[in-house]
Amino acid sequence: MSGSVPVGRRAERPGAAAGGRAAGGRAAGGRAAGGRAAVPPGRRARRAAGRTGQYLALLCYLVFLAFPLLWLLSTAFKSPRELGSVDPTWLPAHPTLANFRAAFDQQPLLRSGLNSLLVAGSAALISVAVAVPAAYVMVRYRSVLGRLGTGWVLVSQMFPFVLIIIPLFLVLRSARLIDSLPGLIVVYVVWNLPFALWMLQGYVRAVPPSLEEAAAVDGAGRWRTLRSVVLPLLTPGLVATLMFSFVTAWNEFFFALVLLKSPEKQTMSVILTHFLGAEGAADLGPLAAASILATLPSLLFFGFLQRRLASGILGGAVKG
């Protein structure tokens, strides 16, 4: 009897194990058929409500940003009668191009646009050309001078325009750069350079030093490494910095108003103020048309470089 009991138990255990495996197989089949665990209806509803709230907030933000531009566009195509109506309409009842013709007749928009393009483009290119090697040195060569330079980058952005305009005017007058486009370019380069340095430092820091060490093993010098290894990987940062510098210089008004006195040298932002009358009354139609024309170059420049920005990010990801 004592020997038969373990045998019976051993005989029962394979059956129980088989039953367990069958139950486990059914459970696994259920999990396989059902996939992942079902989300409770309450949690699904909260997720949908949160996603809807995010989309509504984004839509409100887009409307907030686009409304001034859309209203400006509508005003540019309205007739003087519609502009003087006490009941303004969202869309022009009879669109007209008379405001654009009047804007070109009243002010030299083409010449001022070329001045702005020359100043903004030159300032952006020079700022990026100076900021790239400076940011590389500040990141790769840690020193007291580099830390002081980083502190200067941050502190210089806190200075208001009014605080520096008088000493800046005196310096430019002694250099005979008052009322000249090169003088304004120098001012924009100095003003954009701190932020350009700050932006490019992050991109340079993201480049692995091992790539530069491999280039040094192959016999490349510092400048060759910077030109052939680092610069291709900095394409997204270069494009972003170039866009920021260009748009900042294109939209700047205060320095251009103070430093440029000759009408033939004034930029687009200064020319727009000429559509205001002696008593502050604005000629709304031509002013809106000129403002639309002043906005187009920066939008086109941003749209053109945005493609380069996307391709640069993809290229950098593939190379990395």
Which percent of the accessible area of segment 26-185 is formed by carbon and sulfur heavy atoms (probe 1.4 angstrom)? 71
Provide the gained length on full extension for the span LEU148 to ASN251, in nm with one decimal, where the gain is 0.36 nm per separating residue minus the Cα-Cα distance. 34.1 nm
Taking all protein chains together and a probe of 1.4 Å, list GLU213, GLU82 from the most accessible to the least accessible. GLU213, GLU82
Whole-Å distance linking the alpha carbon centroid of segment 257-304 with that of segment 156-201 is 21
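Please identify every one of the trypsin sites (Lys or Arg not before Pro) in segment 140-201 that sits in a loop by DSSP and has no more than 15 other beta carbons within 10 Å of its own beta carbon.
Working: sites: ARG140, ARG142, ARG147, ARG173, ARG176; in loops: ARG142, ARG176.
Loop-located and lightly packed - ARG142, ARG176.
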Rounded if a/c is under 1.5, else prolate if a/b is larger than b/c, else oblate: which is segment 128-241, with a ≥ b ≥ c the root eigenvalues of its Cα gyration tensor? prolate
In square angstrom, what is the accessible area per residue of segment 203-303 with a 1.4 angstrom probe? 49
How would you rank 193-205, 150-162, 46-58, 93-105, highest first, on the average number of other Cβ atoms within 10 Å across their residues? 193-205, 93-105, 150-162, 46-58
Ignoring ligands and nucleic acids, what accessible area does VAL171 show with a 1.4 Å probe (Å², nearest 10)? 90
Calc'd 3J(HN,Hα), segment 200-205, phi into Karplus 6.51 cos²θ - 1.76 cosθ + 1.60 (θ = phi - 60°), Hz, glycine/Pro = x, comes to 6, 4, x, 5, 5, 5
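Among rounded, prolate and oblate, which fits segment 231-307 when a ≥ b ≥ c are the square roots of the eigenvalues of its C-alpha gyration tensor, a/c under 1.5 means rounded, and a/b larger than b/c means prolate? Intermediate results must be reported in sequence, preceding the final value.
Working: a/c = 3.87, a/b = 2.03, b/c = 1.91.
Verdict is prolate for segment 231-307.
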Note, segment 115-120: 3J(HN,Hα) by Karplus (6.51, -1.76, 1.60, θ = phi - 60°), whole Hz, Gly/Pro = x, goes 4, 5, 5, 5, 5, 5
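First check a/c for segment 55-181, with a ≥ b ≥ c the square roots of the eigenvalues of its C-alpha gyration tensor; if it is under 1.5, answer rounded, and if not, answer prolate when a/b is larger than b/c or oblate otherwise. If you can, show how the numbers build up before the last one.
Numbers: a/c = 2.89, a/b = 1.77, b/c = 1.63.
Prolate, because a/c is 1.5 or more and a/b exceeds b/c.
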Please compute the per residue accessible area over segment 52-190 with all protein chains in place, 1.4 Å probe, rounded to a whole number of Å². 66
So, with points 7 Å from each Cα along the Cβ direction, the LEU117-THR295 label distance in nm works out to 2.0
Starting from the 7 Å offset along Cα-to-Cβ, what nm value, one decimal, do you get for the label separation of LEU163 and THR96? 4.9
With label points built 7 Å along Cα→Cβ from the Cα atoms of SER210 and LEU56, find their separation and express it in nm. 4.9
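The values are calculated or read from the model by the stated rules, or taken from the named source; none is laboratory data. Only a predicted model underlies this, so the values are computations on that prediction, with no experimental measurement involved. FYI the Cβ positions are ideal-geometry reconstructions off the backbone, even for glycines, and counts take in every protein chain you see. Keep in mind that these areas ignore ligands, DNA and RNA; they rest on the heavy atoms of the full protein, side chains included. Shrake-Rupley method; radii C 1.70, N 1.55, O 1.52, S 1.80 Å.
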